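Student: Mind having a look at this structure? Questions to follow.
The values are calculated or read from the model by the stated rules, or taken from the named source; none is laboratory data. The model shown is predicted, which means the values in this text are computed figures rather than measured ones. Please note: Cβ atoms are built from the backbone with ideal geometry, for glycine as well, and neighbour counts cover all protein chains shown. Surface areas here come from the heavy atoms of the whole protein model, side chains and all, with no ligands, DNA or RNA. Shrake-Rupley method; radii C 1.70, N 1.55, O 1.52, S 1.80 Å.
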Amino acid sequence: MTAPQDSSSSELHAEVLVLGGGPGGYTAAFRAADLGKKVVLAERYPVLGGVCLNVGCIPSKALLHLAHVIHSAEESAAFGVSFGHPNIDLDKIRDWKNNRVVKTLTTGLSGLAKQRQVTVLTGVGQFTSDKTLSVATPEGEKTVRFDNAIIAAGSQPTKIPVFPNDDPRLMDSTGALALADIPKRLLIVGGGIIGLEMANVYHALGSKITVVELMDQLIPGCDADLVKPLHQRIAKQYENIFLKTKVAKIESTEEGLKVSFEGEGAPESDLFDRVLVAVGRRPNGKLIGAEAAGVTVNEQGFIPVDDRQRTNVPHIYAIGDIVGNPMLAHKATHEAKVAAEVIAGHHSAFQALTIPSVAYTDPELAWMGLTETAAKAQGIAYEKATFPWAASGRALGTGRREGLTKLLVDKETKRILGAGIVGPNAGELIAEAVLALEMGADAEDVSLTIHPHPTLSETFAFAAEMIEGSITDIYVKK
Ligand code: NAD
């Protein structure tokens, strides 16, 4: 490990410069430092962690935990245990989320950077050549001369230009997580992952929710049979879910945001106290001076890379949201290690067979590998088994029987091609399917693996047994 640099000098040298301090950026910086490189990490904000830790994955999961507690308490009345109406103290919730959850992690990160002698520069970084980055720090402009660079500058929420984006009642995910108040009526534009996770939170806190989704199903990337139990549950909880519908116009009025809709299921225009726009994210490729370094950025703002994470400039690498979909932290951290290791001379490459997706909704939705929709579209010969959680003692014991565990295998070899799970804790359960796919397992391997009883993890083995014909927990007609 090399000695830390004096970050107060106006010119620094890095064997590896990392631009962006989110999960991709800090992982790349730490891995490169662990491999003996002198690392400078430039981050716009004074705390590390990027969107995920500060205004994304982590605070949203903290709020989703509260939603889970509230919903579970409500539902336990059906099993004979009743609680009173919850008292919501927004100040305390914000303090817990910001100071006990997020700050603990971001402080931990800055400690990890110090332990590894990574020099952290705070300020917006812009490439000035293929060997230099200029960083506008609070103490003035600094130049970092680098031998190699890893771009990890992320993405930002997509804005719809015709909406009144200056009106604070119109929020993106960051605004929604700030929890300024609990709107009486909240409209969510976009029935994707962010939209439905925040719908869950605000519904638990007492808002009436309407969701508008452009496509013909919620979470369009996931198979419809897995989305159905989620849709059925939230349709009972929310005021409205409009599919194949878009928002044509939003007007700021004193009474609220007046919203007009367009499309097949379009309702009359309506008034909402707040609107959350969650229609995807766009990469920050055009905001970092990439042209000065000669790095290619495509029209959408993505930076194309090869399987070593190399851009068209051989000593400049890129990782995370800025290189393409899916925009997920666990993809970014995996790519980060590849980039750092390639720079250190290892024969690493991005060769993951799948990047799992999880929507932390209630029920949770998780899927990996091939979806059934993709298998059909690509004409892949597959066999499918879907195990209903209504036959799982563990699911019944939690009062939740709507879950499903679906397994797709190759029709001939029975090797695992894909899996999808809907139900509480699906996000935790999907990891086993990912491991099975990466290990080249077939249905027999999974069915002969003893799973602990009673657990929800058994449902994955039961789905494999359905393929093998050895299932005894349900009756499958031959
Ligand atoms: P998304 O792509 O998941 O969902 C956006 C949804 O908006 C889609 O269903 C799309 O059809 C719909 N849409 C697009 N334009 C619309 C319009 N004009 N009107 C109505 N609907 C419209 O994007 P997101 O939910 O904004 O999330 C952004 C990114 O962050 C995604 O890449 C997501 O994977 C990532 N993310 C992941 C997690 C997680 O892993 N749990 C959580 C939050 C965000």
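Student: Scan the range 234-261 for residues that are assigned to a helix (DSSP H, G or I) and crowded, with 16+ Cβ neighbours inside 10 Å and jot them down.
Tutor: I234
Student: Just to be sure before I move on: is L66 in contact with a Phe, Trp or Tyr (Cβ under 8 Å, 6 or more places away or on another chain), assigned to a helix (DSSP H, G or I), open to solvent by 30 Å² or more (accessible area, probe 1.4 Å) and in the same structural domain as K337 (by TED's automatic domain parsing) in the structure I sent?
Tutor: Details: in contact with a Phe, Trp or Tyr (Cβ under 8 Å, 6 or more places away or on another chain): no; assigned to a helix (DSSP H, G or I): yes; open to solvent by 30 Å² or more (accessible area, probe 1.4 Å): yes; in the same structural domain as K337 (by TED's automatic domain parsing): yes.
So L66 does not fit the description; no.
Student: Do we have any residue at all in the range 184-204 that's without any contact (Cβ under 8 Å) to a residue 12 or more places away in the chain and in a helix (DSSP H, G or I)?
Tutor: Applying the first criterion (without any contact (Cβ under 8 Å) to a residue 12 or more places away in the chain) to the range 184-204 yields none.
There is no residue in the range 184-204 that is without any contact (Cβ under 8 Å) to a residue 12 or more places away in the chain and in a helix (DSSP H, G or I).
Student: So, A385, is that one touching a strand residue (DSSP E or B) at 6+ places or on another chain (Cβ under 7 Å) and either among the basic types (K, R) or open to solvent by less than 10 Å² (accessible area, probe 1.4 Å) (or both) or not?
Tutor: Spelling it out, A385 is indeed touching a strand residue (DSSP E or B) at 6+ places or on another chain (Cβ under 7 Å) and either among the basic types (K, R) or open to solvent by less than 10 Å² (accessible area, probe 1.4 Å) (or both).
Yes or no, residue by residue, for (1) within 14 Å of the ligand (Cβ to nearest atom); (2) free of Cβ contacts under 8 Å to residues at least 40 places away in the same chain; (3) not assigned by TED's automatic domain parsing to the domain that holds G49:
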| site | (1), (2), (3) |
| --- | --- |
| D307 | no, no, no |
| N312 | no, yes, no |
| A318 | no, no, no |
| K331 | yes, yes, no |
| G369 | no, no, yes |
| A381 | no, yes, yes |
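Student: Just wondering, is there one or more residues in the range 111-121 that are open to solvent by less than 40 Å² (accessible area, probe 1.4 Å), away from the ligand (no atom under 16 Å from the Cβ) and under 30 Å from V279 (Cα atoms)?
Tutor: The answer is no, given that none of the residues of the range 111-121 is open to solvent by less than 40 Å² (accessible area, probe 1.4 Å), away from the ligand (no atom under 16 Å from the Cβ) and under 30 Å from V279 (Cα atoms).
Student: A follow-up question, please. Kindly indicate whether any position in the range 152-164 is within 16 Å of the ligand (Cβ to nearest atom), open to solvent by less than 50 Å² (accessible area, probe 1.4 Å) and among the charged types (D, E, K, R).
Tutor: The answer is no; no qualifying residue exists.
Student: Residues in the range 33-49: is at least one touching a residue at least 24 places away in the same chain (Cβ under 8 Å), within 16 Å of the ligand (Cβ to nearest atom), in the same structural domain as H334 (by TED's automatic domain parsing) and closer than 16 Å to Y317 by Cα?
Tutor: Among the residues of the range 33-49, not one is touching a residue at least 24 places away in the same chain (Cβ under 8 Å), within 16 Å of the ligand (Cβ to nearest atom), in the same structural domain as H334 (by TED's automatic domain parsing) and closer than 16 Å to Y317 by Cα, which makes the answer no.
Student: Looking at the range 213-227, is at least one residue near the ligand (Cβ under 9 Å from one of its atoms), out of contact with any strand residue (DSSP E or B) (no Cβ under 8 Å at 6 or more places or on another chain) and of a type outside the set (A, V, I, L, M, F, W, C)? Working first, answer last.
Tutor: Taking the range 213-227 first, the residues near the ligand (Cβ under 9 Å from one of its atoms) are 213-215, 217-221.
Still in the list and also out of contact with any strand residue (DSSP E or B) (no Cβ under 8 Å at 6 or more places or on another chain): 215, 217, 220.
Those left that are additionally of a type outside the set (A, V, I, L, M, F, W, C): 217, 220.
Yes: the range 213-227 contains one or more residues that are near the ligand (Cβ under 9 Å from one of its atoms), out of contact with any strand residue (DSSP E or B) (no Cβ under 8 Å at 6 or more places or on another chain) and of a type outside the set (A, V, I, L, M, F, W, C).
Student: Something else now. Mind counting the residues in the range 223-233 that are free of Cβ contacts under 8 Å to residues at least 24 places away in the same chain and either assigned to a strand (DSSP E or B) or open to solvent by less than 40 Å² (accessible area, probe 1.4 Å) (or both)?
Tutor: 0
Student: Can you name every residue in the range 266-280 that is more than 10 Å from V212 (Cβ to Cβ) and free of Cβ contacts under 8 Å to residues at least 40 places away in the same chain?
Tutor: E268, S269
Student: Can E299 be described as more than 13 Å from the ligand (Cβ to nearest atom), open to solvent by 20 Å² or more (accessible area, probe 1.4 Å), free of Cβ contacts under 8 Å to residues at least 60 places away in the same chain and acidic (D, E)?
Tutor: Answer is yes for this residue.
Student: Report yes if I194 is under 30 Å from K92 (Cα atoms), more than 9 Å from the ligand (Cβ to nearest atom) and either at pLDDT 95 or above or not β-branched (V, I, T) (or both), otherwise no.
Tutor: So I194 does not fit the description; no.
Student: Restricting to the range 165-185, count the residues that are more than 15 Å from the ligand (Cβ to nearest atom) and among the aliphatic types (A, V, I, L, M).
Tutor: Total meeting the criteria: 4.
Student: Can you name the number of the only condition in (1) more than 12 Å from the ligand (Cβ to nearest atom); (2) surrounded by 19 or more Cβ atoms within 10 Å (Cβ to Cβ); (3) over 25 Å from L19 (Cβ atoms) that I188 fails?
Tutor: Looking at each condition in turn, I188 falls short on (1).
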